[in-house]
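No value in this document is a laboratory result; all are computed from the given coordinates. Please read these numbers as outputs of a predicted model, since none were measured by experiment. Here Cβ is always computed from backbone atoms with ideal geometry, including for glycine, and neighbour counts include all displayed protein chains.
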Amino acid sequence: MTHRSTYSKSLAFSLAPALTTALVFGLPALAGVLALATPSVSQATVQDSACRIHAVEALEKGEGGIPANLDFLADRLRAPEFARYREFRLIDTLDFKLELNKVVDHKFKSGHNVELTLLGEKDSKLELNTKLKRGSSNLVDMDFVVGSNQIMLIPVRRGDQTIIFAYQCKHR
Amino acid sequence: MNNQSIVTEFDEQLSAYFDGELGDGSLDAGDAESLGATLRALVNAETPGDLDSDEELAAKLADLAFMRTMIVGALEHQAERVPEARFEQVWDGFEQALERESRLQEAAEAPPSVWQRLSEWIRPVRLPLAVVGAAGALVLVFARSAGAPNDVGAHDPAVAANSQPSNTQDEPASDAEPTAQARTNPAPAPAPEPVPRVAVAPEPPSPEIAPEMYPQPEPGEAEIRRIEFGGRTGTISQVEGTRGTTTVIWVTEDDGPVDSERSL
């Protein structure tokens with residue numbers, strides 16, 4: 001009994017500083033971490049994301065078909081809506097690193113400018129704005145919501161040629 | 001007792017009498033008692049008839065009195081000439097000397113510093129330590145000079161073999177034109193012993209940003225919240241593929257001239 005009491009006292013003496021330190025510093029730190037980790041209404045949205053836009057030239061004359069570097073689009077490009085095109089060429093691939101409400105602008109080799117803005121998140125999907133321009137002409141200005149890693153296509157036709165902009169965005 | 005000693009003793013007795021040191025019982029025998037009695041008689045005028053001896057004693061006493069007056073007056077005069085500030089100055093100097101001595105005493109009693117103790121500890125072996133240090137420095141200098149590559153070795157083709165094409169059995173022949181010296185002189189026989197080569201570290205690859213990986217696109221429709229077409233026409237449609245539906249925004253540009261880099 002005495003041995004047990006002495007052991008308890010020595011254990012208490014040895015653990016008391018550590019427990020006190022943990023209480024003094026640990027509790028505020030834990031509170032801070034919980035406060036930061038708890039999503040509030042204003043912090044619920046995504047802060048950044050990444051998008052990759054491929055510019056694909058679609059030719060009505062040609063026999064090249066769909067090259068290997070466009071396999072990830074082959075399922076869409078074989079759809080009846082693109083049946084008129086006989087050849088596809090990947091001419092540009094640009095990455096957009098987006099931050100919330102900041103416009104990112106890249107110019108493609110085709111002469112088009114694409115602006116992308118991350119507007120937020122809705123149901124774990126990305127809410128974006130894009131402006132597709134050629135020179136000073138604004139071809140498309142749209143707000144859209146797209147799921148992560150989903151593809152959205154914007155074919156821009158001019159005469160008998162077409163540039164297809166394939167948007168793929170994801171959370172970072 | 002001769003006359004000279006008697007005269008000297010008489011003078012001493014007279015000086016003692018003058019100084020007030022001659023008491024009634026101070027002389028204890030013979031002529032001294034008679035001299036003392038004579039002096040007392042002279043002073044006390046007990047025997048006024050002995051004029052010759054009295055006049056001589058009176059003259060000596062007058063001389064002693066004159067000498068006392070002269071000496072005391074001179075000393076008092078000197079004492080009066082010393083100003084009071086002189087005493088203050090003397091005392092200040094004395095106090096400063098005392099303070100200096102006390103400071104020296106405190107410094108002597110203070111514990112020595114670490115460096116003083118270290119120097120005291122090293123003092124007996126400072127000469128051997130200096131010798132050992134000098135020898136170590138010499139050895140280090142010789143070792144460094146012996147290990148450093150010389151300029152001749154830097155131009156050794158064997159050393160630079162990793163960075164220049166060479167014609168060896170282990171490596172393919174170089175396309176470089178042989179030098180004039182190589183054309184005129186036959187190729188030397190291979191060295192019997194392999195020359196040690198200094199490996200040249202390859203340059204680190206330039207940091208390239210790895211392209212961000214995107215997985216295979218997933219099927220799904222995009223929800224268009226707002227859209228404005230600026231071209232000639234615009235259409236929203238859905239493309240049905242084998243793996244799912246994809247949103248397609250068809251845009252038709254105007255046929256007018258544009259300031260683009262690539263003509264459609």
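Among A:128, A:100, the order by Cβ neighbours within 10 angstrom, fewest to most, reads A:100, A:128. Each residue of region B:138-144 was assigned a 3J(HN,Hα) from its phi angle through the Karplus expression (A = 6.51, B = -1.76, C = 1.60, θ = phi - 60°), giving 5, 4, 5, 5, 5, 5, 5 Hz with x at Gly and Pro. With a 10 Å cut-off around each Cβ of A:73-82, the average count of Cβ atoms from other chains is 5. With each label modelled as a point 7 angstrom along the Cα→C-beta vector, the residue A:161-residue B:223 pair spans 3.8 nm. Residues whose amide H comes within less than 5 Å of that of residue A:140, counting only those at least five positions distant or on another chain, are A:132, B:230 (H built at 1.01 Å from N in the peptide plane). If you plug the beta carbon distance of residue B:16 and residue B:69 into 1/(1 + (r/R0)^6) with R0 = 22 Å, you get a FRET efficiency near 0.70.
Going from the residue with the fewest nearby Cβ atoms within 10 Å to the one with the most, A:142, B:213, B:70, A:152 rank B:213, B:70, A:142, A:152. With θ set to phi - 60°, apply the Karplus curve 6.51 cos²θ - 1.76 cosθ + 1.60 along region B:214-231 and write out the HN-Hα couplings as whole Hz, x wherever there is a Gly or Pro. Result, rounded to whole Hz: 10, x, 4, x, 9, x, x, 8, 8, 9, 8, 7, 8, 8, 10, 9, x, x. Distance between the modelled labels on residue B:121 and residue A:122, one decimal in nanometres: 7.9 nm (7 Å Cα→Cβ projection). The 3J(HN,Hα) values that the Karplus relation (6.51, -1.76, 1.60; θ = phi - 60°) gives for region B:63-74 are, in residue order, 5, 4, 5, 5, 4, 4, 4, 5, 5, 4, x, 5 Hz. Gly and Pro appear as x. Going by neighbour counts of Cβ atoms within 10 Å, the residues A:112, A:171 line up, fewest first, as A:171, A:112.
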